[in-house]
Amino acid sequence: MHPVADLSAQRLATADLVAAAKFGTDSPIDDPAREAQVLDAVAAQAEELGTDPDAVRAVFRDQIEANKLVQRTLFQRWTDHPEQAPTTRPDLAVIRVEINRITTALVQSLADTAPDRATPLCRPARALATVRVIHERRLDHLHTEALARSLNSVC
């Protein structure tokens, strides 16, 4: 379960960069068309790996919502405290390459852990993995909350 939690934390770390790329532009946090593309792609990858595409789709819905939680919170923080706002705008295309790499690895990890995720031990294992990743990555409150949100549908 640790690889799933760790990859989720890696994916969430990109939310800060996405927020910095979008802040002060017309790019919305919510992008239903892009979200649908991601969900369709992960479902197709899950099918190729012989795992439940609906389960993977549910996990990625949570991943997307957790990512938007981080972005909204950062937007609000930067609006309230402009001195904390990013001074450079990362390239969203470059960030998406990293997101896609992590996404592919996360789908594989979900496929690898499918039998474990279907047992009653999944929830305690998820909780332990989450705490371990929070500690290892020294996540702040926002990213801790978002990590927990991102893993809701894992079990």
Mind checking the per residue accessible area of the chain for me, 1.4 Å probe, whole number of Å²?
-> 53 Å²
Local charge sum around residue 125 (other residues, Cβ-Cβ under 11 Å, Lys/Arg +1, Asp/Glu -1)?
-> +3
Within the chain, helix-based [θ] at 222 nm, where runs of 4 or more DSSP H residues each add -39,500 (n - 2.57), nearest 500 = -25000 deg cm²/dmol
Using only Cα atoms, locate the centre of the stretch 53-85 and the centre of the stretch 116-148, then give the distance between them in Å, rounded to an integer.
-> 17 Å
Residue 104 paired with residue 119, simple spin-label distance in nm, labels 7 Å along Cα-to-beta-carbon | 3.0 nm
Where does each of 110-117, 30-37, 143-150 land if you order them by average Cβ count within 10 Å, highest first?
-> 143-150, 110-117, 30-37
Rg/Rg_ref, the chain, where Rg_ref = 2.2 N^0.38 Å and atoms are Cα = 1.04
Tell me, what is the percent relative contact order of the stretch 1-99, built from C-alpha pairs under 8 Å that lie six or more residues apart?
-> 42 percent
Just the number, please: carbon plus sulfur as a percent of the accessible area of the chain, 1.4 Å probe, no ligands or DNA/RNA counted.
-> 55 percent
In nm, to one decimal, how far is the modelled label at residue 2 from the one at residue 77, with both set 7 Å along Cα→Cβ?
-> 2.8 nm
Between residue 140 and residue 34, what is the label-to-label distance in nm when each label sits 7 Å out along the Cα-to-Cβ direction?
-> 2.2 nm
Using the alpha-carbon atoms, what tilt in degrees (0 to 90, nearest 10) does helix 53-80 show relative to the longest principal axis of the chain?
-> 20 degrees
Which angle from 0 to 90°, rounded to the nearest 10, does the C-alpha axis of helix 92-112 make with the longest principal axis of the chain?
-> 20 degrees
Would you work out if the stretch 78-155 is rounded, prolate or oblate? Take a ≥ b ≥ c from the square roots of the eigenvalues of the alpha-carbon gyration tensor; rounded if a/c is under 1.5, else prolate when a/b is larger than b/c, oblate otherwise.
-> oblate
What's the local net charge at residue 63, with K and R +1, D and E -1, over the other residues with C-beta under 11 Å away?
-> +2
Kindly express, to the nearest 10 degrees and within the range 0 to 90, the angle between helix 32-48's C-alpha long axis and the longest C-alpha principal axis of the chain.
-> 30 degrees
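The values are calculated or read from the model by the stated rules, or taken from the named source; none is laboratory data. None of the values given here were measured: they were computed from a predicted structure. Virtual Cβ from ideal backbone geometry, glycine too; neighbours counted across all protein chains shown. Note: areas computed on protein heavy atoms with side chains; ligands, DNA, RNA excluded. Shrake-Rupley method; radii C 1.70, N 1.55, O 1.52, S 1.80 Å.
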